[in-house]
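Structure record follows, encoded as structure tokens.
The values are calculated or read from the model by the stated rules, or taken from the named source; none is laboratory data. From a predicted model like this one, the values you see are computed outputs, not experimental measurements. So basically every Cβ, Gly included, is an ideal-geometry build from the backbone, and we count neighbours across all protein chains shown.
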Amino acid sequence: MEYDLGLALCAVVVVFISSVWSALVYLTWRPYAITIAFRKQGVGGPAYKFWSGSNEEIKSMQREAMQLVLDNHCHDITLRVQPQYRKWISEYGDVFLFWFGPKPRLLVSDPEMVKQVLANKFGFYPKSDVPSAIFSLLGKGLVLVEGSEWARHRRVINPAFTMDKLKLLTRPMAECAKSMLEGWHDVAMQAADGREEIEVAKQFQELTADIISHTAFGSNYVDGKEVFFAQKQLQMLAAASLLDIEIPGHRYLPTDRNINKWKLERRVKNTLVRIIQGRLEANNSSFGNDLLGVMMEASQKQRGQIMSMDEIIDECKTFFFAGHETTSHLITWAMFLLSINQDWQERLREEVLQECGVQTPNADALNHLKLVTMVLLETLRLYGPVVQMSRKAGKDMILGNISIPKDTAVMIPVLMIHRSKEIWGEDANEFNPLRFENGISKAASHPNALLAFSIGPRACIGQNFAMLEAKTVMAMILQRFSFSLSPKYVHAPVESLTLQPQYGLPIVFTPLHA
């Protein structure tokens, strides 16, 4: 008996020592070896620190940057949003190595190397692993699935985003916007001077949530708004944990944050199950013309492509977050830029009135708004919702002339690339929509320099939806109001998964018609 106990104890000690040794190799020797291998290739970067990697240095720089308030006409927001990349690029060049805890990250800002990563059709650069909070927010939908699963999801979802389908959504988009704008008009007309200050950032978030609720969930839009409120809270949890190093198994512990996250996840799932189940039990010949209905119909019709309830739920999560969060900030920042560039506001108003008159714009009229499109593209360049993208090497890879070991994350600093004077010219930090006069591919020295919707096979499937929605809302505002920036505005862009004004966007509106 004592002999057996001794053997068991020895086995436990061996396993413990082996685990400790493996952990020490992973946390010390491996980072050292990777650093040396990259240095031999001419790739430098900030020094690795035990366990935390570069995280503490990043947090320190970000805390200091958050104290900055920028001039309203300063569009070099990397000073505030990505101070670490700004500093390290100046020290180490366009390609450098840094660390997320013990995990290596290679920053790449050369557009040709970025193209090699994003345009790869063979799955050599899959999406990087995401924190559990972001996974809870987006679900395992089109944004996060890989390989054959991604191809299957894409085939099912594609029919919902054809231009013919999207054109039908212009009317519900306009109806939602009209309701909001009529409220603004009434409030302004009641003011003594016929002008009213409105904090539009929150209003645009509610508007785009309303639009995605109507266009994705049709008659179930009230339940759709329930998803919106739960996802906003999940987004705050995810943003707060971006630089936290996850300890294995920690996501399963009943901490206050995890318990709150689980409650919100259940709330989102239960609401979506109720919507989807209602469609399945309706016994209609069609699931509906909204995005959910088109997706469910495609799933049923395409042989071998049927999606499970959980997969449809995850796609709904992705649609809802991407469909309202990113577009709301695109409209917000476009309003900011037109408020401080009154000449462009007038030019856009003239174009809208010429093409649409004072009638509710339809898809064909919106297609003729060239100047509006150019302004939205320039807004995406300067204040795009997504400030960086991440992929990882699926196996040992050669990128450019650099050897990258398997599982190394490749970071693409969209915000920095969009401000590169080598790529965009000396006016890279200035608002100049005319750079897009001849299209996106000719706006910069590299045809793929605008990365707002990504490029390649994993480019955003909803980009036409987002642009149609933004054009609709902007055209209707320009038809009804002139507007300027409130003196209360504080120019402090911040990343909270998406780029947004930290203190909101107060705008002063003057109705053009009684």
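Count, please, the residues in segment 132-142 that happen to be under 15 Å from the mean Cα position of the chain (by Cα) and part of a loop (DSSP other than H, G, I, E, B).
Residues that pass the stated criteria total 3.
Any residue in segment 424-433 that is part of a helix (DSSP H, G or I) and modelled with pLDDT of 95 or more?
So far as segment 424-433 goes, yes, one or more of its residues are part of a helix (DSSP H, G or I) and modelled with pLDDT of 95 or more.
Any residue at all in segment 433-445 that is surrounded by 16 or more Cβ atoms within 10 Å (Cβ to Cβ) and among the polar types (S, T, N, Q)?
Looking through segment 433-445, none of the residues is surrounded by 16 or more Cβ atoms within 10 Å (Cβ to Cβ) and among the polar types (S, T, N, Q).
Residues checked against (1) charged (D, E, K, R); (2) surrounded by fewer than 17 Cβ atoms within 10 Å (Cβ to Cβ); (3) more than 26 Å from Met236 (Cα to Cα):
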| position | (1), (2), (3) |
| --- | --- |
| Ile417 | no, no, yes |
| Ile423 | no, no, yes |
| Phe431 | no, no, yes |
| Gly456 | no, yes, yes |
| Phe465 | no, no, no |
| Ile477 | no, no, yes |
| His491 | no, no, no |
| Val508 | no, no, yes |
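Is it true that Val387 is more than 16 Å from the chain's Cα centre (by Cα) and closer than 29 Å to Gln342 by Cβ?
no
Would you kindly identify the helices (runs of 4 or more DSSP H) lying entirely within segment 155-221 that contain at least 3 residues that are free of Cβ contacts under 8 Å to residues at least 40 places away in the same chain?
It comes to 170-190, 200-217.
Looking at segment 117-171 only, could you name the residues that are buried (at least 18 other Cβ atoms within 10 Å of the Cβ), under 23 Å from Gln388 (Cβ atoms) and aliphatic (A, V, I, L, M)?
Val117, Leu118, Ala133, Ile134, Leu137, Leu138, Leu142, Val143, Leu144, Val145
Look at Val410 and say whether it is surrounded by fewer than 18 Cβ atoms within 10 Å (Cβ to Cβ), touching a Phe, Trp or Tyr at 6+ places or on another chain (Cβ under 8 Å), β-branched (Val, Ile, Thr) and in contact (Cβ under 8 Å) with a residue 40 or more places away in the chain.
Judged against the criteria, Val410 is not a match.
Taking segment 237-259 only, how many residues are under 23 Å from the mean Cα position of the chain (by Cα) and either at pLDDT 85 or above or farther than 27 Å from Pro102 by Cβ (or both)?
Selection size over segment 237-259: 0.
If you check Thr332 against the conditions, is it buried (at least 23 other Cβ atoms within 10 Å of the Cβ), within 28 Å of Arg152 (Cβ to Cβ), at pLDDT 80 or above and of a type in the set (Val, Ile, Thr)?
no
Find all pairs meeting these conditions: Cβ atoms under 7 angstrom apart; at least six residues apart or on different chains; first residue within segment 444-473 and farther than 16 Å from Thr326 by Cβ; second residue among the basic types (Lys, Arg) and assigned to a loop (DSSP other than H, G, I, E, B).
Qualifying pairs under 7 Å: Pro457/Lys121.
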